[in-house]
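In what follows, a structure is listed as structure tokens, so that the remarks can point back to it.
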Amino acid sequence: MAALDSSIVVVGLPTVLKDVNATLVHGIWIVTGYRLMLTILLVAIGRVADMLGRVRLYNVGFAVFTLGSALCGVSQSGEQLVAFRFIQGLGGALLAVNSVAIVTDAFPPDELGKGIGINFAAFNFGSVVGYTVSGVMIGLFGWRSLFLVNVPIGVFGTLWSYKRLSETRGRRLEEKFDYPGAILYASGLSVILFALTVGDPVSPLNSMLLVAGVSLLVIFAQVERRSEQPVLDPALFKIRVFTAGNISSLLNSLAFNALPFILTLYFQLVRFYEPLTTGLLLIPMEVAVLLVGPLSGRLSDKYGARGLCSLGLLLNSGALFWFSRLSPGSPQGVILSGLLLAGIGRGLFGSPNASSIMGSVPAERRGVANGVRTTLINTASSASLPLTLVLMTLGMPYERLSQLTGGDQLAGAAEQSAFLAALQSALLLLGLITALAIIPSLLRGPRRGVGGTRRAEP
């Protein structure tokens, strides 16, 4: 659910904006506001969860997410929908950061890949299926159903998690929360995401904001080095597996997470498909992720993560290169092959990489470790769309791209050709970024230990 609602609005955004009489700025924040909350709070929530208990915060997250979804579903203006998406994002952050930590606590080391594989398949499936579900549900029930469908599921989930989940570790109330570190981190990340997602990312104002955000994170790093109980323990990055896995994940998310968005633009603007058809065409990729994710997790328990992750990244990169050759008349078989390649690659990379990262850290730091892992993924995901638009400016002005992504149609064959060339250029460069992620993936080192155990490697 938390992953689903990070993408579910994208395909139907023009419909939503038109119905509530909202602007493109509202539209940007309807998408970005949720992801912003899901990103800036993860490390702090992970730290609090390590202190107070992961299951407690997970249960609260379900309730907050359900409330936010209901409020989004009855919104009457762009301002209301943006505000309620922030509430929904708070609940989503509480769910996302604690789910993998709970699974890691529950499974023995030699079955950790299987447990995270199932969890990661659900999260990956939710991320991608949002594009399909949105098209289908808007076509059948209207855009409000995108949010209201969460309410009965959320009520059930809240009650079920309260009854069925129990803490495996006691509270650590003697530890103190690092408020200066948390504030600096959230502020720096917020400024960076604002610079990347609102307006032209390469404008002078956004460039200054980007520098300011990075400066705040540099200050944050210095504060954390001096803190006795930091919100983000710098010692985690001395673990080679942890660092290499996160760098691979960051690069892959930055490039590969833009693919559904790019395909949505291609289907709707170049092929003139409706949102419903666009959503249905993405199903093969979702099915591949769902089938391969748990299998790759089990295989990583037996063979280790390095080979599977690197192969997944290679397939992801190949899928981006494959789609860079799309034309207005590309056969459905070509599109299907690319979607299956992308889904298999994503399934092979996701759960072994998460299992490798989470299995490398001490049990008492799993909450903040998963917060770091998920924060990097969400930061890259939030930046992937602006990055794609910047790369597309190689073939088309940014102002016109903004109009097209806001609901305008291409004006004639010449502009269609220019737009497709811009898409192709972006896909090629994104494919190169994903290929670069293979390097840190290989540098994480061979699998260590016997009997399926994992050891942190400094």
Starting from the Cα-Cα distance between ARG325 and ASP19, subtract it from 0.36 nm times their residue separation and give me the gain in nm to one decimal.
106.6 nm
Nearest 10, in degrees from 0 to 90: the angle of helix 54-73 to the longest Cα principal axis of the chain is 20
Applying a 10 Å radius around every beta-carbon, put 434-443, 325-334 in order of their mean neighbour count, most first.
434-443, 325-334
Could you go through the range 157-163 in sequence order and give the Karplus-derived ³J(HN,Hα) for each residue, using 6.51 cos²θ - 1.76 cosθ + 1.60 with θ = phi - 60°, rounded to whole Hz, and x for Gly and Pro?
x, 4, 5, 5, 5, 5, 7
Nearest 10 degrees, 0 to 90: what angle lies between the long axis of helix 42-52 and the longest principal axis of the chain (Cα atoms)?
30
Name the residues of the range 178-197 whose amide N is less than 20 Å from a point 7 angstrom out from the Cα of PHE86 along the C-beta direction?
182-197
Gain on full stretching of the segment that runs from LEU291 to PHE156 - 0.36 nm per residue minus C-alpha separation:
46.1 nm
Backbone N within the range 208-233 under 11 Å of label point (7 Å from LYS176 Cα along the Cβ vector)
227-230
So how do 342-350, 70-78, 182-190 stack up, highest first, on mean other-Cβ count within 10 Å?
342-350, 182-190, 70-78
Quickly estimate the mean residue ellipticity at 222 nm for the chain, helices only: each DSSP H run with n ≥ 4 gives -39500 (n - 2.57), and the total goes over all residues, rounded to 500.
-25000 deg cm²/dmol
If you place +1 on the Cβ of every Lys and Arg, -1 on the Cβ of every Asp and Glu, and leave all else neutral, what size is the dipole of the chain about its Cα centre, to the nearest 20 Debye?
1180
Kirkwood-based Rg to Rh ratio, the range 178-230, C-alpha trace
1.09
Answer with one residue from TYR179, GLY73, VAL20: the one whose Cα lies farthest towards the positive end of the charge dipole of the chain, charges on Cβ with Lys, Arg +1 and Asp, Glu -1.
TYR179
Using a simple spin-label model with points 7 Å from Cα along the Cα→Cβ vector, what separation in nm is obtained for SER145 and ALA235?
5.3
So for R0 = 41 Å, FRET eff. of GLN76-TYR398 from the Cβ-Cβ r, to 0.05, ends up at 0.85
Enumerate lysine pairs in the chain that are 8 or more residues apart or on different chains, then count those whose Cα atoms are under 29 Å apart.
5
I'd like to know which of ILE116, ILE138, PRO331 lies farthest towards the positive end of the charge dipole of the chain, counting +1 on Cβ of Lys and Arg and -1 on Cβ of Asp and Glu.
ILE116
Percent relative contact order of the chain, based on C-alpha pairs within less than 8 angstrom and at least six residues apart?
25
Among [x] 25.4; [y] 27.3; [z] 19.9, the entry matching mean projected area of the Cα convex hull in nm² as calculated here is [z]
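Each value in this text was obtained by applying a stated rule to the coordinates, not by laboratory testing. Bear in mind that the values here come from a model prediction, so they are computed numbers and not experimental data. Positions of Cβ are backbone-derived with ideal geometry, glycine not excepted, and every protein chain shown enters the neighbour counts.
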